[in-house]
1. Return yes or no: is Tyr86 assigned to a loop (DSSP other than H, G, I, E, B), surrounded by 13 or more Cβ atoms within 10 Å (Cβ to Cβ) and out of contact with any strand residue (DSSP E or B) (no Cβ under 9 Å at 6 or more places or on another chain)?
2. Take Gly66 and decide whether it is closer than 30 Å to Gly91 by Cβ, at pLDDT 65 or above and assigned to a helix (DSSP H, G or I).
3. Do we find that Gly100 is on the phi > 0 side of the Ramachandran plot, modelled with pLDDT under 90 and in contact with a Lys or Arg (Cβ under 9 Å, 6 or more places away or on another chain) in this structure?
4. Consider Ala75 carefully, then state whether it is modelled with pLDDT of 95 or more and not acidic (Asp, Glu).
5. Please tell me if Leu94 is closer than 22 Å to Leu41 by Cα and modelled with pLDDT under 95.
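The values are calculated or read from the model by the stated rules, or taken from the named source; none is laboratory data. Because the structure is a prediction, the values reported are computed rather than measured. As a convention, Cβ positions derive from the backbone with ideal geometry for all residues, glycine included, and neighbour counts pool all protein chains shown.
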Amino acid sequence: MPRYQGFVCLSASIQQLFRVFRGHMSKKDWFGIGYVSAWVLIWGTIGSLIDLPFLNSEIYLPGSIGQVTTFSVTAIISVIIAVLLYPKVLGNTLIVSALGLDTDEKK
């Protein structure tokens, strides 16, 4: 079996999964998933930017408790900020109308 066939099967499976959920999830559900995903990316980026100087100066080693602490603290701060900002984002009429979140239809 050629290598690319596995990727084709995976791609088809993901597309089928999206087709199943598309009819059962509202725009607000999709927005919530996107919001959380964006914050995971933000957390990972900020955590990595904080982590890099510590690793370069050998304050701690990769996989040490110091690295776990760095990412845990940035995760807690990111969660707090994300939770505090979420009502403000949903209250922004420009974002709500641009994304069509003011309707409760499932798409």
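1. Spelling it out, it is not the case that Tyr86 is assigned to a loop (DSSP other than H, G, I, E, B), surrounded by 13 or more Cβ atoms within 10 Å (Cβ to Cβ) and out of contact with any strand residue (DSSP E or B) (no Cβ under 9 Å at 6 or more places or on another chain).
2. Values: closer than 30 Å to Gly91 by Cβ: no; at pLDDT 65 or above: yes; assigned to a helix (DSSP H, G or I): yes.
For Gly66, the condition - closer than 30 Å to Gly91 by Cβ, at pLDDT 65 or above and assigned to a helix (DSSP H, G or I) - is not met.
3. Here the answer is yes, as Gly100 does meet what is asked.
4. The answer is yes for Ala75.
5. no
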